[in-house]
Amino acid sequence: MENLDDLKSELVAAVDAAATLGDLEEIRISALGKKGRVTGLMKGLGSLAPEERRDAGQNLNIVKNAVTAALESRRDALADAELDAQLEADRVDVTLPVRPEVEGRLHPISQTIDEIIAIFGEMGFTVAEGPDIEDNFHNFTALNIPPEHPARQMHDTFYLPEQEDGTRKLLRTHTSSVQIRTMQTSEPPLRIIVPGRAYRCDSDMTHTPMFHQVEGLIVDKSVHMGHLKGCIIDFCRSYFESPDVPVRFRPSFFPFTEPSAEVDIGCSRSGGTLKIGAGEDWLEILGCGMVHPKVLEACGIDSSEYQGFAFGMGIERIAMLKYGMPDLRAFFDADMRWLRHYGFASLEVPTLLRGLTP
Ligand code: PHE
């Protein structure tokens with residue numbers, strides 16, 4: 001019988017040198033498999049004299065155990081290395097710059113919201129949020145919108161199925177519901193904007209059933225209409241990146257503000273193209289007013305001590321005006337050609353300092 005010590009060293013060395021799990025398996029088969037060298041020697045034991053057989057058997061077992069142990073530890077080491085290599089290869093470095101060939105673009109709505117936040121952020125507003133699924137109280141009642149108001153009727157509001165208690169939730173018809181939620185949960189002074197989705201059962205060239213608004217709300221002891229005007233005029237000039245864009249306040253009505261106004265910006269349509277700036281025409285962009293005392297009271301705010309102003313603006317509308325998009329419905333078609341054309345580089349965060357638009 002061959003020298004078992006040599007055999008053991010040879011096999012263990014081969015195992016330790018195996019470079020892959022596949023190589024390792026081949027070595028295992030050649031040593032311990034059915035036709036392997038160790039197995040072959042085991043089979044040969046039968047032809048030996050009983051004494052010799054016992055010694056040789058023990059020695060062979062030592063070889064077999066040593067090879068088995070070496071196989072196991074090598075298998076663990078190789079499996080670890082394989083996993084490490086895979087993790088290394090799969091690693092994503094999120095700090096790397098975006099590759100230009102990747103198609104992702106920021107949707108104009110996201111870009112416009114970022115611009116709005118940059119402007120109002122600079123004025124000291126923080127961003128607040130609220131649920132898209134609302135109840136009558138937050139969307140209507142607390143906003144001084146009486147039950148018989150047309151906005152509550154089925155053709156405007158998407159209602160959800162009746163609940164067990166007989167009430168029905170709804171999809172908020174404006175972001176004004178978040179005025180209520182904020183006033184209920186925070187103490188004045190308040191200074192928030194609320195970019196978010198709103199829903200109305202309406203669909204044509206200039207309306208989609210889901211659209212975006214940004215609400216603004218300030219509540220403090222001495223805010224007045226002059227602050228509201230200054231705030232809106234500053235916003236329009238920053239947003240349209242034009243220091244002399246004309247801004248016009250027109251008396252209007254909303255149940256939740258008194259007095260109320262609608263705001264138009266100047267534009268011209270000469271030559272068939274719409275241009276923002278001084279011109280012969282006006283375009284409505286938002287509704288606003290001084291928060292109605294009943295609204296403050298509905299939220300537990302003392303209206304003899306506090307007053308506020310609020311505004312609500314359509315985000316698609318001002319995006320279309322700034323970026324010259326002719327069709328509202330294209331916003332929600334998810335057409336890659338439209339996104340490639342009107343989308344924005346995803347890492348250019350708008351700031352007033354570096355410029356709002358990339
Ligand atoms: N919620 C109103 C709308 O959707 C806009 C608005 C908000 C008006 C706040 C005044 C004050 O039309």
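Cα convex hull, segment 153-260: 157 Å³ per residue, rounded to a whole number.
A Förster distance of 22 Å, applied to the separation of the beta-carbon atoms of Lys35 and Asp90, puts the FRET efficiency at 0.05.
Dividing the mean sequence gap of close Cα pairs (under 8 Å, 6+ apart) by how many residues segment 274-322 holds gives a relative contact order of 44 percent. Taking Cα atoms only, the orientation of helix 21-32 departs from the longest principal axis of the chain by about 20 degrees. For segment 4-89, carbon and sulfur atoms together expose 53% of the accessible surface, with a 1.4 angstrom probe and every protein chain in place.
Within the accessible surface of segment 128-183, defined with a 1.4 Å probe on protein heavy atoms only, the carbon and sulfur portion equals 56 percent. Please give the net charge around Glu305, taking every other residue with its beta carbon less than 14 angstrom from that of Glu305, where Lys and Arg add +1 and Asp and Glu add -1. Result for the neighbourhood of Glu305: -3.
Measuring spread by the Cα atoms of segment 168-208 yields a radius of gyration and Dmax of 13.4, 41 Å. Accessible area per residue for the chain, computed on protein heavy atoms with a 1.4 Å probe, is 55 Å². Taking other residues whose beta carbon is less than 13 angstrom from the beta carbon of Pro189, and scoring Lys, Arg as +1 and Asp, Glu as -1, yields -1. Ignoring ligands and nucleic acids, what accessible area does His212 show with a 1.4 Å probe (Å², nearest 10)? Ignoring ligands and nucleic acids, His212 comes out at about 20 Å². Per residue, the Cα convex hull of segment 197-339 amounts to 132 Å³. Rg/Rh for the chain (Cα atoms only, Rh after Kirkwood) is 1.40. Roughly what angle does helix 50-90 make with the longest principal axis of the chain, taking Cα atoms, 0 to 90 degrees, to the nearest 10? Rounded to the nearest ten degrees, it is 20.
Distance between the modelled labels on Asp55 and Arg197, one decimal in nanometres: 8.5 nm (7 Å Cα→Cβ projection).
With a threshold of 27 Å on the Cα-Cα distance, the over-threshold entries among Lys229/Lys294; Lys169/Lys322; Lys294/Lys322 are Lys169/Lys322; Lys294/Lys322. Over the residues of the chain, the helix contribution to mean residue ellipticity at 222 nm works out to -12500 deg cm²/dmol, using -39500 (n - 2.57) for each DSSP H run of at least 4.
Angle of helix 225-239 to the longest C-alpha principal axis of the chain, folded into 0 to 90 degrees and rounded to 10: 50°.
Set against the 2.2 N^0.38 Å expectation for a compact globular protein, segment 4-89 has a Cα radius of gyration ratio of 1.30.
The values are calculated or read from the model by the stated rules, or taken from the named source; none is laboratory data. Model, not experiment: these values are computed from the prediction. Neighbour counts run over all protein chains shown; Cβ positions are idealised from the backbone, glycine included. Note: areas computed on protein heavy atoms with side chains; ligands, DNA, RNA excluded. Shrake-Rupley method; radii C 1.70, N 1.55, O 1.52, S 1.80 Å.
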